[in-house]
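Enquirer: To start, I am sharing the structure in question, which I have written as structure tokens.
Since every read-out is calculated from the coordinates, none of them should be taken as a lab result. Since we're looking at a predicted model, the values are computed, not measured. All Cβ positions, even for glycine, are placed from backbone atoms using ideal geometry, and neighbour counts span all protein chains on display.
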Amino acid sequence: MTNTTNRQILLIEKPTGKLGPEHFKLSDVAMPEPKDGEALLRVRYISLDAANRAWMHGATYRSAVEANTVMAGGGIAEVVSSKAEGLAPGDIVFADTGWQDYAALPAKHLTRMPRIEPLTYLLSVYGIAGLTAYFGLLDIGKPKAGETVVVSAAAGSVGSIVGQIAKIKGCHVVGIAGGKDKCHWLTAELGFDAAVDYKDGALFKALRAAAPKGIDVYFDNVGGEILEACLPQMNNYGRIACCGAISQYDGAPQATGPRGVPGLIVVKRLVMQGFIVMDYMKERDRALTDLQGWVASGQLKVQEDVIDGLENTPKALIGLLAGENRGKRMVKV
Ligand SMILES: NC(=O)c1ccc[n+]([C@@H]2O[C@H](COP(=O)([O-])OP(=O)(O)OC[C@H]3O[C@@H](n4cnc5c(N)ncnc54)[C@H](OP(=O)(O)O)[C@@H]3O)[C@@H](O)[C@H]2O)c1
């Protein structure tokens, strides 16, 4: 790359089955020129999110990503030059930069960020992952000390923070994750009380053993069969925070379950609520104050999985969907 060239990763075809490297192409184009009201950004870190795959299905809380466009994605970037009031070279911003080295974007699409060390925390614990865990668990799950909290995709970026916050709040915490190693890591390193390997084949029974008093709060990152296993084990007046449905994103057959709905919800007086973290942005400072305090006191461990090189972004997303990551996965550009 020279400083007159911008590398971009294009989504060249929308997958109908599993996402693969063949759906992407690396392309060299001219550096973008910022127009009035825009800033030229050098992308530093690209966030890898399960939602990147969901956006390929169609419009969600944002418009769909289309074939033959730069793959969309959030990133932390540094302002190189600016034709926008209030933005100067060296400023750090969060934006949907897409998978590329440089982007020219309108100032109104950029969120100013503090220049902290390490910068990666702006994507992990103080970014979407940390805020999603915080608001989904505390505002929707409303856990009380002594209650049992179960979280799926527990070793991932959102899940690993959810479980630790639930521990801070005095709950009995059970994580559901794929594989023995991840489960061991959750209990040995992150302080979860128990972890269940959903790939082991006896999820319902294992969950019953790990949460013998039933489940008061289920933080659902995956939907499908895991949601179906949790529902009948919910206690009366339990809360289910519906955060995502990763089991349905990557070419899986359409889920048929969960069965017993709405009957179970009625009889157990459950609250089941979806949420989108962007709706909580006005309250971000409250969350950041708590998150920063817990990180400083060592109660909240930050786990990041940083992969080097823009060219490795497709592989990094494909690997995330297959469960390669622990904690927040991102690419250093
Ligand atoms: N509502 C919101 O505002 C919001 C914001 C951010 C994220 N989210 C949601 O939060 C969830 C986590 O996303 P993330 O970006 O933080 O990813 P992540 O948890 O860091 O990584 C995804 C993990 O999901 C697990 N997984 C993959 N396929 C699975 C399956 N079929 N069944 C069970 N687990 C599976 C894998 O771990 P294993 O090895 O354990 O399988 C993988 O490591 C997603 O559902 C996402 O859409 C929602």
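Enquirer: Considering only region 93-107, state which residues are surrounded by fewer than 18 Cβ atoms within 10 Å (Cβ to Cβ) and free of Cβ contacts under 8 Å to residues at least 60 places away in the same chain.
Expert: Once the filter is applied, which keeps residues that are surrounded by fewer than 18 Cβ atoms within 10 Å (Cβ to Cβ) and free of Cβ contacts under 8 Å to residues at least 60 places away in the same chain, region 93-107 yields only Asp96.
Enquirer: Quick one: Gly86 ticks every box in (1) surrounded by 14 or more Cβ atoms within 10 Å (Cβ to Cβ); (2) more than 30 Å from Gly251 (Cα to Cα) bar one, so which box is it?
Expert: (1)
Enquirer: When Gly238 is evaluated against the numbered criteria (1) outside any helix (DSSP H, G or I); (2) more than 10 Å from the ligand (Cβ to nearest atom); (3) in contact with a helix residue (DSSP H, G or I) (Cβ under 8 Å, 6 or more places away or on another chain), which criterion, by number, is the only one it fails?
Expert: The one condition Gly238 does not meet is (3).
Enquirer: Yes or no: Val217 in contact (Cβ under 8 Å) with a residue 60 or more places away in the chain, crowded, with 24+ Cβ neighbours inside 10 Å and over 22 Å from Asp305 (Cβ atoms)?
Expert: yes
Enquirer: So for region 215-222 (the condition being within 16 Å of the ligand (Cβ to nearest atom) and either over 23 Å from Ile128 (Cβ atoms) or among the basic types (Lys, Arg) (or both)), does at least one residue qualify?
Expert: Taking every residue of region 215-222 in turn, none turns out to be within 16 Å of the ligand (Cβ to nearest atom) and either over 23 Å from Ile128 (Cβ atoms) or among the basic types (Lys, Arg) (or both).
Enquirer: For region 195-209, how many residues meet the condition of being under 22 Å from Ser247 (Cα atoms), over 21 Å from the mean Cα position of the chain (by Cα) and among the hydrophobic types (A, V, I, L, M, F, W, C)?
Expert: 5
Enquirer: Among the listed residues Pro253, Pro258, which satisfies the condition of being loosely packed, with under 15 Cβ neighbours inside 10 Å, more than 9 Å from the ligand (Cβ to nearest atom), free of Cβ contacts under 8 Å to residues at least 40 places away in the same chain and outside any helix (DSSP H, G or I)?
Expert: When all the criteria are applied, what remains is Pro253.
Enquirer: Could you go through region 300-307 and let me know if any residue there is in a loop (DSSP other than H, G, I, E, B) and over 19 Å from the mean Cα position of the chain (by Cα).
Expert: Among the residues of region 300-307, not one is in a loop (DSSP other than H, G, I, E, B) and over 19 Å from the mean Cα position of the chain (by Cα), which makes the answer no.
Enquirer: Does Val271 satisfy the condition of being more than 10 Å from the ligand (Cβ to nearest atom), free of Cβ contacts under 8 Å to residues at least 12 places away in the same chain and under 25 Å from Asp216 (Cα atoms)?
Expert: Spelling it out, it is not the case that Val271 is more than 10 Å from the ligand (Cβ to nearest atom), free of Cβ contacts under 8 Å to residues at least 12 places away in the same chain and under 25 Å from Asp216 (Cα atoms).
Enquirer: I need the full set of residues from region 261-287 which are among the β-branched types (Val, Ile, Thr), part of a helix (DSSP H, G or I), more than 23 Å from the chain's Cα centre (by Cα) and surrounded by 10 or more Cβ atoms within 10 Å (Cβ to Cβ), in order please.
Expert: Ile265, Val267
Enquirer: Could I ask something else about it? Looking at region 187-210, which of its residues are buried (at least 24 other Cβ atoms within 10 Å of the Cβ), touching a residue at least 40 places away in the same chain (Cβ under 8 Å) and assigned to a loop (DSSP other than H, G, I, E, B)?
Expert: none
Enquirer: Being over 16 Å from Glu189 (Cα atoms), outside any loop (DSSP other than H, G, I, E, B) and within 16 Å of the ligand (Cβ to nearest atom) is the filter here, so list the residues in region 316-333 that pass it.
Expert: Ala316, Leu317, Ile318, Gly319, Leu320, Leu321, Arg329, Met330, Val331
Enquirer: While we're looking at this one, here's another question. Tally time: how many residues in region 165-182 are surrounded by 24 or more Cβ atoms within 10 Å (Cβ to Cβ) and either of a type in the set (Ser, Thr, Tyr) or assigned to a helix (DSSP H, G or I) (or both)?
Expert: Looking only at that region, the number is 2.
Enquirer: Further, regarding this structure: So Thr313 fits all but one of (1) within 22 Å of Ala166 (Cα to Cα); (2) within 16 Å of the ligand (Cβ to nearest atom); (3) touching a strand residue (DSSP E or B) at 6+ places or on another chain (Cβ under 7 Å); what number is the exception?
Expert: Only one criterion in (1) within 22 Å of Ala166 (Cα to Cα); (2) within 16 Å of the ligand (Cβ to nearest atom); (3) touching a strand residue (DSSP E or B) at 6+ places or on another chain (Cβ under 7 Å) is unmet by Thr313, namely (1).
Enquirer: Another question, if that's okay. Tell me, which residue of region 64-79 that is surrounded by fewer than 18 Cβ atoms within 10 Å (Cβ to Cβ) and either among the aliphatic types (A, V, I, L, M) or within 16 Å of the ligand (Cβ to nearest atom) (or both) is nearest to Leu11 (Cα to Cα)?
Expert: Selected residue: Ala67.
Enquirer: Within the set of pairs 6 or more residues apart or between chains, which connect a residue that is closer than 20 Å to Val196 by Cβ inside region 131-150 to a residue that is in a strand (DSSP E or B) and of a type in the set (Lys, Arg) with Cβ atoms less than 9 Å apart?
Expert: Hits for this filter: Gly141/Arg239; Pro143/Arg239.
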